[in-house]
Amino acid sequence: MDPQTEFRGLYDAHRTAVHAYFLGRVADPGLAADLTQDLFLRAWQHLPDLAGRDPDGQRGWLFTVARNLVIDSGRRAAVRQRAETVLRAEPARTAPAASEPALAADRLAAVGRVVAELPDDQRLVLTMAAAGELTSAQIGAAVGIPAGTVRYRLSRARATVAAAMAADGEPDPRRHSVEDIHDRQAGRTPR
């Protein structure tokens with residue numbers, strides 16, 4: 001017998017029983033139809049093996065595969081349910097405010113102004129570390145100073161920039177000049 005005729009006979013003999021089995025196990029007509037289709041696709045792929053079995057052997061094979069498909073479907077549904085639960089538990093992400101890019105640009109410009117006011121030795125090591133992504137040893141070798149001196153200058157430069165940017169959350173280098181920050185760090189009253 002040719003494979004299409006063999007498959008048609010298998011399908012006609014078992015489709016109603018298999019579909020009823022799926023419908024009873026999953027209680028969703030759409031899912032039951034999908035599982036029935038999946039089962040008979042697998043039957044088509046294993047047709048040479050199934051064709052050699054007697055009708056009870058074919059039925060046994062079909063219902064064993066059907067049982068496994070129901071179990072797999074239940075596992076997928078459980079995983080999907082857990083994922084949805086986790087996603088619902090996460091706080092909702094809000095879209096960034098329309099003003100965020102402008103505020104970020106203002107903050108970047110303010111940082112740039114503060115960095116520009118740094119003493120030359122601090123500005124040099126800060127830009128080499130930040131923009132050049134160099135280590136203190138590499139910077140020291142490049143400018144001819146010990147790595148410890150580079151780390152000290154970086155520390156002072158970063159502290160100055162942080163202090164200038166921290167006041168009230170509003171970067172305003174005119175209110176917080178580098179000289180004022182150095183005076184505060186040294187314990188002197190700003191000018």
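The values are calculated or read from the model by the stated rules, or taken from the named source; none is laboratory data. This structure is a prediction, so every number in the text was calculated from the model and none was measured. Here the Cβ is made from the backbone with ideal geometry for all residues, glycine too, and neighbour counts use every protein chain on show.
Within segment 97-127, the set of residues being within 29 Å of the chain's Cα centre (by Cα), surrounded by 10 or more Cβ atoms within 10 Å (Cβ to Cβ) and not charged (D, E, K, R) comprises P101, A102, L103, A104, A105, L108. A single member of R67, R88, R53 is within 15 Å of R15 (Cα to Cα) and free of Cβ contacts under 8 Å to residues at least 24 places away in the same chain, and it is R67.
Rundown of residues vs (1) assigned by TED's automatic domain parsing to the domain that holds I71; (2) crowded, with 16+ Cβ neighbours inside 10 Å; (3) not basic (K, R), yes/no style:
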{"residue": "R15", "(1), (2), (3)": "yes, no, no"}
{"residue": "Y21", "(1), (2), (3)": "yes, yes, yes"}
{"residue": "A33", "(1), (2), (3)": "yes, no, yes"}
{"residue": "D38", "(1), (2), (3)": "yes, yes, yes"}
{"residue": "L41", "(1), (2), (3)": "yes, no, yes"}
{"residue": "D49", "(1), (2), (3)": "yes, no, yes"}
{"residue": "D54", "(1), (2), (3)": "yes, no, yes"}
{"residue": "Q58", "(1), (2), (3)": "yes, yes, yes"}
